[in-house]
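K.L.:
Below you'll find the structure I mean.
The values are calculated or read from the model by the stated rules, or taken from the named source; none is laboratory data. No experiment lies behind these values; they were computed from the predicted model shown. Neighbour counts run over all protein chains shown; Cβ positions are idealised from the backbone, glycine included. Protein only, heavy atoms only, side chains kept; ligands, DNA and RNA dropped before computing areas. Shrake-Rupley method; radii C 1.70, N 1.55, O 1.52, S 1.80 Å.
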Amino acid sequence: MRITVVGAGYVGLVSGACFADFGHQVTCVDKDVGKIRALKRGDMPIYEPGLLELVRSNAREGRLSFSTFLAGAVKRAEVVMIAVGTPSRRGDGCADLSYVYAVAREIAPRISGFTVVVVKSTVPVGTGDEVERIIREARPDADVAVVSNPEFLREGAAIRDFKHPDRIVIGCEDERARQVMAELYRPLYINAAPILGTRRRAAELIKYAANAFLATKITFINEIADLCEKLGADVQEVARGVGLDNRIGSKFLHAGPGFGGSCFPKDTVALVKIGQDNQAPLRIVETVVAVNDQRKRAMAGKVALALDGAVRGKTIGVIGLTFKPNTDDMREAPSIALITALQDMGGKVKAHDPIGMEQAKAALPDVIYCDSPYSCAENADALVIVTEWEQFRALDLGRLKQAMARPVLIDLRNIYRADELRKHGFRYLGVGKPPLEADSRPTELLRSAL
Ligand code: UGA
């Protein structure tokens, strides 16, 4: 099957490479000449485990190509996927659909033969209707069906998620298009991936509702973690006890510094706006957005607490800058709010990330970047783990302690055990952990530090 993917960003590139790997003939089109040139050379614009190999091998086999020339690629395609960005519109938080609609306008004159236009970008309910209207207005004669097929890929695990999805959602109003979509995903039927056929509007809403629900789950456990700290309970024990209930499930119950990334923050805000615009306010999601925003900055209070309230003039090492491991993505990363807050308090920040330092430099210019966790810990008064990269899970604690001015570790992902760290002579603070008597400080201190 011949597929044209418009937008060689995260979703477009991963989907394009995976469809090519299934045996389809894929062209990824992007307006960014530099990006397409790099992709043709086999260089990736993003870091995603396994993507480089997948792109190179499928390009070598002649199933995957890259182009800046939309017209030719659309003419030949049976399926055109729209995978361009839908950033938050400045001011109101609505998803900015101008790129999606521009693609619809651009592809309309080039469509020939029965063509399925698949919207992969995360878009508000009704966008599929508008894409169809734009195409029909420009080309009343076109034989076209518009389908919503949201993606549920996680950065860092995107290829695995694509090939072993929990479900594939296809929102469609046309039987022929449904058959084309079935053919497109046929290799996954063999793996028995559930394919859920819905109306188009339901598919559009499923994506937002799923992301908002996951964001709510994280925010819920984060607030329970705060309560644990007050009550002397351990949030990991609580999460395990709660998550073993099959109705709840144990995933996305890891307390931390708040969710970040290119999806949850943007999609929750957009869903809130959709609710408000349709007189069906989503008060839970509104609260999730507010609580999460506040939380990222409030993590600096934990650091202040570990430093007895005095951040001014102190050197703080921060390891793990990207919004999660296995990506170089810094969008809405909790590290940004945390480091900015520490700098506002008069602290000097050193930082290290295994992959994301180049991206981090743009968001956080006034930071000393270090090439390893140990050089980051050098002469630091405290070390903060913000992202749980695999390589931070077994640090040489003796070496770390020796490098630091003071052995203080703030573990915002709970990857270490308090007793182990304390045995090594560290003052240790996790998230949602009962403080040791010696480590507990009055809440006022935390407040005054913020
Ligand atoms: C998320 C969804 O998980 C995907 O299903 C969806 O396709 C994607 O958004 C999207 O809309 O494109 P992603 O943003 O890549 O994927 O990352 P997640 O693994 O979901 O993590 C998001 C944030 O939540 C990270 O900052 C992570 O650290 C945080 N998180 C996650 C927690 O703090 N605790 C958890 O238990 C899980």
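K.L.:
Condition check: over 24 Å from the mean Cα position of the chain (by Cα) and assigned to a loop (DSSP other than H, G, I, E, B). Does residue 311 satisfy that? Step through it out loud before you land on a result.
P.N.:
Values: over 24 Å from the mean Cα position of the chain (by Cα): yes; assigned to a loop (DSSP other than H, G, I, E, B): yes.
So residue 311 fits the description; yes.
K.L.:
Can you tell me how many residues within the stretch 198-223 are more than 16 Å from the ligand (Cβ to nearest atom) and either acidic (Asp, Glu) or open to solvent by less than 50 Å² (accessible area, probe 1.4 Å) (or both)? It would help to see each step written out before you state the result.
P.N.:
Of all residues in the stretch 198-223, those more than 16 Å from the ligand (Cβ to nearest atom) come to 198-202.
Cutting the leftovers down to either acidic (Asp, Glu) or open to solvent by less than 50 Å² (accessible area, probe 1.4 Å) (or both) gives us 198, 200, 202.
Summing the residues that are more than 16 Å from the ligand (Cβ to nearest atom) and either acidic (Asp, Glu) or open to solvent by less than 50 Å² (accessible area, probe 1.4 Å) (or both) in the stretch 198-223 gives 3.
K.L.:
For the stretch 99-115, how many residues meet the condition of being open to solvent by less than 10 Å² (accessible area, probe 1.4 Å) and free of Cβ contacts under 8 Å to residues at least 60 places away in the same chain?
P.N.:
5
K.L.:
Would you confirm whether any residue within the stretch 276-283 is open to solvent by less than 60 Å² (accessible area, probe 1.4 Å) and basic (Lys, Arg)?
P.N.:
no
K.L.:
Would you please name the residue that is nearest to residue 232 (Cα to Cα), looking only at residues in the stretch 404-432 that are part of a strand (DSSP E or B) and of a type outside the set (D, E, K, R)? Even if it seems obvious, please write down each step before you answer.
P.N.:
Here is the first cut: in the stretch 404-432, the ones part of a strand (DSSP E or B) are 408-411, 427-429.
Adding the requirement that they be of a type outside the set (D, E, K, R) leaves 408-410, 428-429.
Values: 408: 20, 409: 19, 410: 17, 428: 15, 429: 13 Å.
Among residues in the stretch 404-432 that are part of a strand (DSSP E or B) and of a type outside the set (D, E, K, R), the one nearest to residue 232 (Cα to Cα) is 429.
K.L.:
Here are some conditions: (1) open to solvent by 10 Å² or more (accessible area, probe 1.4 Å); (2) within 11 Å of the ligand (Cβ to nearest atom); (3) in a loop (DSSP other than H, G, I, E, B). Residue 256 meets all but one. Which one does it not meet?
P.N.:
Of the numbered conditions (1) open to solvent by 10 Å² or more (accessible area, probe 1.4 Å); (2) within 11 Å of the ligand (Cβ to nearest atom); (3) in a loop (DSSP other than H, G, I, E, B), the odd one out for residue 256 is (1).
Yes or no, residue by residue, for (1) in contact (Cβ under 8 Å) with a residue 12 or more places away in the chain; (2) under 22 Å from residue 123 (Cα atoms); (3) small (Gly, Ala, Ser):
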position: 258; (1), (2), (3): yes, no, yes
position: 264; (1), (2), (3): yes, yes, no
position: 269; (1), (2), (3): yes, yes, no
position: 274; (1), (2), (3): yes, yes, no
position: 295; (1), (2), (3): yes, no, no
position: 301; (1), (2), (3): yes, no, yes
position: 304; (1), (2), (3): yes, no, yes
position: 307; (1), (2), (3): yes, no, no
position: 315; (1), (2), (3): yes, no, no
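K.L.:
A further question follows. Helices (runs of 4 or more DSSP H) wholly in the stretch 329-403 with at least 3 residues that are more than 12 Å from residue 318 (Cβ to Cβ) and within 16 Å of the ligand (Cβ to nearest atom) - which ones?
P.N.:
No helices (runs of 4 or more DSSP H) qualify here.
K.L.:
If you don't mind, there's one more thing I want to ask. In the list 147, 118, 123, which residue meets the criterion of being crowded, with 22+ Cβ neighbours inside 10 Å, within 16 Å of the ligand (Cβ to nearest atom) and in a strand (DSSP E or B)? Lay out the reasoning, then the answer.
P.N.:
Values: 147 fails: within 16 Å of the ligand (Cβ to nearest atom); 123 fails: in a strand (DSSP E or B).
Within the list 147, 118, 123, the selection yields 118.
K.L.:
Scan the stretch 16-36 and tell me whether some residue there is within 30 Å of residue 272 (Cα to Cα) and in a strand (DSSP E or B). Break it down stepwise before answering.
P.N.:
Taking the stretch 16-36 and keeping what is within 30 Å of residue 272 (Cα to Cα), we get none.
No; the residues of the stretch 16-36 include none that is within 30 Å of residue 272 (Cα to Cα) and in a strand (DSSP E or B).
K.L.:
Then there is this: Got a sec? Which of 139, 133 is under 16 Å from residue 174 (Cα atoms), among the charged types (D, E, K, R), out of contact with any Ser or Thr (no Cβ under 8 Å at 6 or more places or on another chain) and assigned by TED's automatic domain parsing to the domain that holds residue 52?
P.N.:
Values: 139 fails: under 16 Å from residue 174 (Cα atoms).
The conditions single out 133.
K.L.:
Further, regarding this structure: Taking the conditions exactly as written (in contact (Cβ under 8 Å) with a residue 60 or more places away in the chain and acidic (Asp, Glu)), does residue 226 satisfy them or not? Quick ask: steps written out before the conclusion?
P.N.:
Details: in contact (Cβ under 8 Å) with a residue 60 or more places away in the chain: yes; acidic (Asp, Glu): yes.
Yes; evaluated as a whole, the condition is true for this residue.
K.L.:
Is it true that residue 67 is open to solvent by less than 50 Å² (accessible area, probe 1.4 Å), of a type in the set (S, T, N, Q) and touching a residue at least 24 places away in the same chain (Cβ under 8 Å)? Break it down stepwise before answering.
P.N.:
Values: open to solvent by less than 50 Å² (accessible area, probe 1.4 Å): yes; of a type in the set (S, T, N, Q): yes; touching a residue at least 24 places away in the same chain (Cβ under 8 Å): yes.
It is true that residue 67 is open to solvent by less than 50 Å² (accessible area, probe 1.4 Å), of a type in the set (S, T, N, Q) and touching a residue at least 24 places away in the same chain (Cβ under 8 Å).
K.L.:
Could I ask something else about it? Looking at the stretch 393-420 only, could you name the residues that are in contact with a strand residue (DSSP E or B) (Cβ under 6 Å, 6 or more places away or on another chain) and either within 18 Å of residue 231 (Cα to Cα) or at pLDDT below 95 (or both)?
P.N.:
Of everything in the stretch 393-420, just one residue is in contact with a strand residue (DSSP E or B) (Cβ under 6 Å, 6 or more places away or on another chain) and either within 18 Å of residue 231 (Cα to Cα) or at pLDDT below 95 (or both), namely 418.
K.L.:
To continue, here is another question. With 269, 288, 242 as the choices, which residue is open to solvent by less than 20 Å² (accessible area, probe 1.4 Å) and either within 15 Å of the ligand (Cβ to nearest atom) or not assigned by TED's automatic domain parsing to the domain that holds residue 154 (or both)?
P.N.:
After ruling out the rest, the residue left standing is 288.
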